[in-house]
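Structure first, then comments.
Values in this text are rule-based calculations from the coordinates and carry no lab data. Nothing here was measured: the structure is a model prediction, and the numbers come from that model. As a convention, Cβ positions derive from the backbone with ideal geometry for all residues, glycine included, and neighbour counts pool all protein chains shown.
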Amino acid sequence: MAETVTAHEQTDGADQAAHESARAARNARRQEFLAKYGVLIALVVSIVVFSALKPHVFPTVSNLQAIVEQFSPLAIIAFGLTVVLVMGDFDLSVAGMIGLSSAVVVSLMSVNHLGFLLAILIGILVGMAGGAVSGGLVAFAGASSFIITLAMGQVYNGLEYQITNQETIFSGIPKAYANIATGSFLGLSNQFFIMLFVLLVLYLLLEQSTIGRYMYALGGNQEAARLSGIRVRELRTAGFMIIGVCSVIAGVLISSQNDSQSPNSGAPFFLPAFAAVFLGSAVLRPGKFNVLGTLVGAFFLEVISTGLTELSLSTSVILIVQGVILAGAVLLSRIGRKAA
Amino acid sequence: MSGDPLVRVEGLYKRYPGVLAVNGASFDIPPGEIVGLVGKNGAGKSTVIKILAGAVAPDDGEIRVDGQLVTVPDPRHAQALGFAFMHQELEQIPLMTVAENVMLGSKMPRRMGALVNWSTMYEQAQEVLKDLDPSIDPRALIDHLSIAQKRVIMIARALLARARLVVLDEPTTSITDEEIKHLHGICRQIKQRGGSVLYVSHRLEEILSLTDRVVVMRDGEVELTALTADTDRSRLITAITGKSSGATASERRRARNVGGRPDGPEILRADKLESADVRDVSFDLRAGEILGIGGLVGAGRTELVKLIYGADPRIGGEVFVDGKAVDTSTPPKALQAGIVLLPEDRRYEGMVLDFNLRENVTLASLPGFCRAHSPFPSKSRERSAARDMVERLSIRTSSVEQPVRFLSGGNQQKVVLGKWLQRGAKVFIFDEPTAGIDVEAKEEIYRLVEDLASQGKGIIFISSEFSEMVAVCNRVIVMQEGRLVGELDGDEATELAIVELCYGHRELTAA
């Protein structure tokens, strides 16, 4: 056997190949469909189930209004987190920043008698400054975002307690401030429109602008991005400032809704916000963090927790179900990565 | 089981979205033979290897080991079957010692049940390395080794794991001739011990001199399997490309009419550049000139160009563009000054793998796709620019929206090139632009480099294949240990002269 030149396998080989290729393509399509729409299908299924179990409570306008109102601050935090996660960073200080900023804003009004707009503006500056410090330490000094933001969260907590003495502030909050979250427009809470505004801004930033493209590029390959002339450190810092501002907005909505500032008010939002972002990465653009997916993720989480609450289940069951859903979402987004 | 090949693959078939990567490939790897696997980028070689490694599941086809049908669902199974792989991208743990990396995958020597017995481990590693490359210290950190030495480590790991088939995917890219010879010696050692080697390379000379058998792939199919003794360079080229060709470097140089330095004005000048790896380097580059930088791996060539591009910190010196001193302390500033760098490692420095072709091509010139005063790039403009680039560089892809992850190595390299062509510059620096790229794509890249030069751009061209530098460059400067040690103008620049300069100085100082 000096040599064998494999002639192109004749007709039946070609037939078989065509058959195989069709099967492979079908498989790939099925996987892609599941990855893209799995979470949406799960959302529809849970709405149908809750509606069937509680026909007089769940599928009602007032319930929808409640869900929309409650999930807005969560979604806003999750949008901000999406921006840093796109760039491969973490921010574990969101809960701390929510607490600190709402303490700052509320005490400026209650103790220092500042107008609510000025107080909110200062609150936003606090968020930006905090983000700039985290971002600077992570992007310029090269520290791990995980550790730095964990530490910053502690610092924010401490500062919050410094301001409030760990006491709830009820008094001296202007009516106008409470109206921000409790007011409504066209039957929907103001919070919903504020959330839509943040969504629009971050959608345009991430999905449509050059800056967003750079952010995704540096999340994908930081060195290639740097060598392509992208200002990697500045963008990463900007990401932390964006999540800082989002945390402040959420902090304002939460304290305005409660008409008070209570200690640690951000803590309950921390895990669901991450969950929403990861759930969202299994939607629409599988395997990629994206704000529209995050929106669906946050809505889904709120539907589940509202639905389960209305079934009179205990908090412990709700927590377990939420955990299971998060794990399932991560699995779904892995399928997405393989299919994409 | 006598007469059965060690490995037989039959009718392998794999489709990626939009690309038919392997289309019914069949070939044998007999025991104790070195089998060469050649073919253009995108011919399906890497996919076949990934299937053997258990990294990719084939859509159809069989793998037999000693005549027994096997499946390789994951890398552990591949290891259990006695397969070991040295992929193009080295998989090592940088902060571990040589010994730890060598022992990865085999049983660590233990002490008191659970603790690692370090001294035994160093001894065992030393034992394996002794035959391969005695200059490697098992206690050294992997980071401190050269690329060639890192590859030796991978082979040592394979030997220690008693691999029966060692797969080497382009082991000789970006290493020097001497190191290549050494590597070939190691392959022959494996063969003598009864092991088989599957050797993937674009360098036909080494395929012809090293292997016992060749398998040529083209467009996902096996085009030719033959005993190496029964074939020759021109037959291989015909099988690889479907056309006949084959000229030596100096013939090519003559055919292209590459002369000495052109008369253009100075476009770039480096003055006394200094960094941690570069010592007092000065040179100039004229418009229309292609300047080669020769040297061994580790001579500071990549470090020099990264320094010029602002990607590495600078200690001293200045860069002039068009006679004016420019700030190139960061990549954005270097770009502003009109300098671009095509980095050596396209996978980790050149591309965003998650991005599609369009997004990669436009990444460095995105603001140019925005309508006036808008921060939003127009996707349709991007798409048409990307389509133009696909045509100009003959990139093989199903569409411009194809993720670059699914493109072959050569096509990925063209995408990175396309990014810089789209951006445009006065000075183009190409660091190993043809590493791991097939014959045809190499020619295309040479043509492109020459086109840029004829448009009056300044070109710096780094390659470890000195023959291609000879074929393409007007002038070659040679570096050694961070310094410039010589300059070869026009026809003085022969492979021999470059090699002599690379080694010459070192012998002088040793004497």
Study note, to complete from the structure: Checking A:F300, A:F197, A:F185 against a Gaussian network model of chain A (alpha-carbon springs below 10 Å), the top fluctuating residue turns out to be A:F185
Check your understanding: Tell me, B:I315, B:I237 in order of fewest to most beta-carbon neighbours within 10 Å?
Key -> B:I315, B:I237
Study note, to complete from the structure: Simple SL model, points at 7 angstrom along Cα→Cβ for A:A176 and A:A141; separation in nm is 3.9
Practice item. Please check which bits of the range B:43-59 a label hung off B:H77 would reach, taking the label as a point 7 Å along Cα-to-C-beta and the cut-off as backbone N under 18 Å. Key: B:47-59
Revision key, fill the gap. Residue separation between B:K181 and B:D489 times 0.36 nm, minus their alpha-carbon distance, gives in nm 108.0 nm
Check your understanding: Dipole magnitude of chain A about its Cα centre, charges +1 at Lys/Arg Cβ and -1 at Asp/Glu Cβ only, in debye to the nearest 20?
Key -> 220
**Study point:** Distance (nanometres) between label positions extended 7 Å along Cα→Cβ at B:S209 and A:E207
**Key:** 5.8
Check your understanding: Once the other residues with Cβ under 13 Å from the Cβ of A:S262 are scored (Lys, Arg +1; Asp, Glu -1), what is the net sum?
Key -> -3
Exercise for review: Take the alpha carbon atoms of the range A:173-194, find their center, do the same for the range A:236-258, and report the distance between the two centers in whole angstrom.
Suggested key: 17
Practice item. Could you tell me which of B:S26, A:Q65, B:V56 has its Cα farthest along the dipole of the protein assembly as shown towards the positive end, charges placed at Cβ (Lys, Arg +1; Asp, Glu -1), taken about the Cα centre? Key: A:Q65
Check your understanding: For the range A:38-339, what mean projected area does the convex hull of the alpha carbons give, in nm²?
Key -> 16.0
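Determine the calculated [θ] at 222 nm for chain A from helices alone, applying -39500 (n - 2.57) to every DSSP H run no shorter than 4 residues and normalising by the residue count; nearest 500 deg cm²/dmol.
Numbers: 13 runs with 251 residues, N = 340.
When only DSSP H runs of four or more count, the value is -25500 deg cm²/dmol.
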Review point. Ratio of the protein assembly as shown's C-alpha Rg to 2.2 N^0.38 Å, to two decimals?
Key: 1.08
Review point. Name the residues of the range A:254-281 whose amide N is less than 17 Å from a point 7 angstrom out from the Cα of A:S46 along the C-beta direction?
Key: A:269-281
Practice item. For the protein assembly as shown, build the charge dipole from Cβ charges (+1 Lys, Arg; -1 Asp, Glu) around the Cα centre, then report which of A:I76, B:V321, B:P403 sits farthest towards its positive end. Key: A:I76
Study note, to complete from the structure: Between B:R110 and B:T238, the FRET efficiency computed from the C-beta separation at R0 = 51 Å comes out, to the nearest 0.05, as 0.40
Check your understanding: Residue farthest toward the positive end of the dipole of the range A:38-339, with Cβ of Lys/Arg at +1 and Asp/Glu at -1: which of A:T315, A:Q208, A:M97?
Key -> A:Q208
**Study point:** Where labels lie 7 Å past Cα in the beta-carbon direction, separation of A:N112 and B:E401 in nm
**Key:** 5.2
**Study point:** Expected 222 nm ellipticity per residue - DSSP helices of 4 or more, -39500 (n - 2.57), all of chain B, to 500
**Key:** -10500 deg cm²/dmol
Check your understanding: If we count other beta carbons within 10 Å of each Cβ, what is the order of A:T315, B:T120, B:T241, fewest first?
Key -> A:T315, B:T120, B:T241
Review point. Evaluated at 37 °C with a viscosity of 0.692 mPa s, what Stokes-Einstein diffusion coefficient in µm²/s does the range B:277-396 have when Rh comes from the Kirkwood expression over alpha-carbon pairs?
Key: 195
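Take peptide B:474-482, look around each residue's Cβ out to 10 angstrom, count Cβ atoms belonging to other protein chains, and average those counts.
On the way: counts 0, 0, 0, 0, 0, 0, 0, 0, 0.
Partner-chain Cβ atoms within 10 Å, mean over residues of B:474-482: 0.
List the trypsin sites (Lys or Arg not before Pro) in the range B:364-458 that DSSP assigns to loop (not H, G, I, E or B) and whose Cβ has at most 14 other Cβ atoms within 10 Å. Which are they?
Values: sites: B:R371, B:K379, B:R381, B:R383, B:R387, B:R392, B:R396, B:R405, B:K414, B:K419, B:R423, B:K426, B:K442, B:R447, B:K457; in loops: B:R371, B:R396, B:K426, B:K457.
Here the sparse-neighbourhood loop sites are B:R371.
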Check your understanding: Too long at a 20 Å Cα-Cα cut-off: which of B:K14/B:K419; B:K130/B:K150; B:K379/B:K419; B:K324/B:K419; B:K130/B:K181; B:K419/B:K442?
Key -> B:K14/B:K419; B:K324/B:K419
Check your understanding: Tell me, what does the Kirkwood hydrodynamic radius of the range A:196-300 come to in angstroms if you use every pair of distinct C-alpha atoms?
Key -> 15.2
Revision key, fill the gap. For B:S201, B:S378, ascending order of other Cβ atoms within 10 Å (fewest first) is B:S378, B:S201
**Study point:** Evaluated at q = 0.18, 0.23 Å⁻¹: base-10 log I(q)/I(0), Debye formula over Cα of the range A:24-130
**Key:** -1.01, -1.18
